[in-house]
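Worksheet: one structure, shown below.
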Amino acid sequence: MAADAEPGKDGLTMPRFDSLRTHERFDYRPITDRQAYRWPNGAGLAVYIGFNIEHFAFGEGLGANIGPSSPHPDVLNFAWREYGNRVGAWRCLEVFDDLSLPSAALINTALYQHCPELVAACVARGDEIVGHGHTNAERQSDYSEANERALLIHCHQEITRHSGVAPTGWLSPWISESHVTPDLLAETGYRYTLNWCHDDQPVLMRTRDGKGLWSIPYPQELNDIPMVVGRLMTGDAFARMIVDNFDEMLEQARRQPLVMGIALHPYIVGQPHRLRHLRRALQHIAQARDAGDIWMTTPGAICAEVSNMTHESLGIDL
């Protein structure tokens, strides 16, 4: 309903039912009305792991909680999150190594000062490094446009300088955007965003420079923060959810190409009792990879693949 209204015959204000405000980044198009194409090696399903490695300010700012928030310094919740960088992430990387699984390391650039060894280990594995803000203690949408641009440039430069490769992708801390975030991403050298969870296929978003920005599907359900922290799901149930989601999407992908991301945070799934279940779920996916049923990849590789296709073949009209 529009914000304004018109007076009725009786003098009372009558509501107006105009078209709702829209983002205008992409048009509606149902999943059943899409162009047919396949991923490398003829696969229908592309699968990637989004490995969120984050650092938080001590005594201030935001952060996921395992217990009730306390006045700062909130030692309980800060220390629980820090377990991910000191222990959990390393255990997860061991599992990824055992199964020869690539990952996309979604990193806060504050990690380069706090625990550079961890980012270096991801780089040594050949993982994609994705920009994820400077720290998850802050929301990106709280910035002015000038400061948001400065953040994107800073993260791009820091990743390039420390890890030797320019990032092509971005995930905002807390999936927090301003109205111009996609425009700023395109203007500061990024090729795709993981912020939107509106589709199971890559979608090209309109930007004010006319070049566009790819939206690569990123999960907000197949994600340990909303499931384990938000909905109190057990590690066993979360692992079954991964397997069930994978099996169903693999079936659906016989008809059309799809993308399945798995969002993991090491301070959650890196806890031993959850890691045990996660390993079983990833073994299930690795078996399908070994059988040639899926494309096990990274969001950057997915972006590169669709970027090399013609807009006509993808059914895109900017």
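What are the residues in segment 247-264 that are over 17 Å from the mean Cα position of the chain (by Cα) and either within 13 Å of residue 46 (Cβ to Cβ) or in contact (Cβ under 8 Å) with a residue 60 or more places away in the chain (or both), if any?
Passing the criteria: 249, 250, 252, 253, 254, 255, 256, 257.
A quick yes/no check of all residues on (1) touching a residue at least 40 places away in the same chain (Cβ under 8 Å); (2) under 30 Å from residue 286 (Cβ atoms); (3) surrounded by 17 or more Cβ atoms within 10 Å (Cβ to Cβ):
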position	(1), (2), (3)
105	yes, yes, yes
110	yes, no, yes
118	yes, yes, yes
130	yes, yes, yes
134	no, no, yes
140	yes, no, yes
144	no, no, no
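Read the figures in this text as sums done on the coordinates, not as results from a lab. Given the structure is predicted, the values throughout are model-derived calculations rather than measurements. Because the Cβ atoms are built from the backbone with ideal geometry, glycine has one as well, and the counts that use them run over all protein chains shown.
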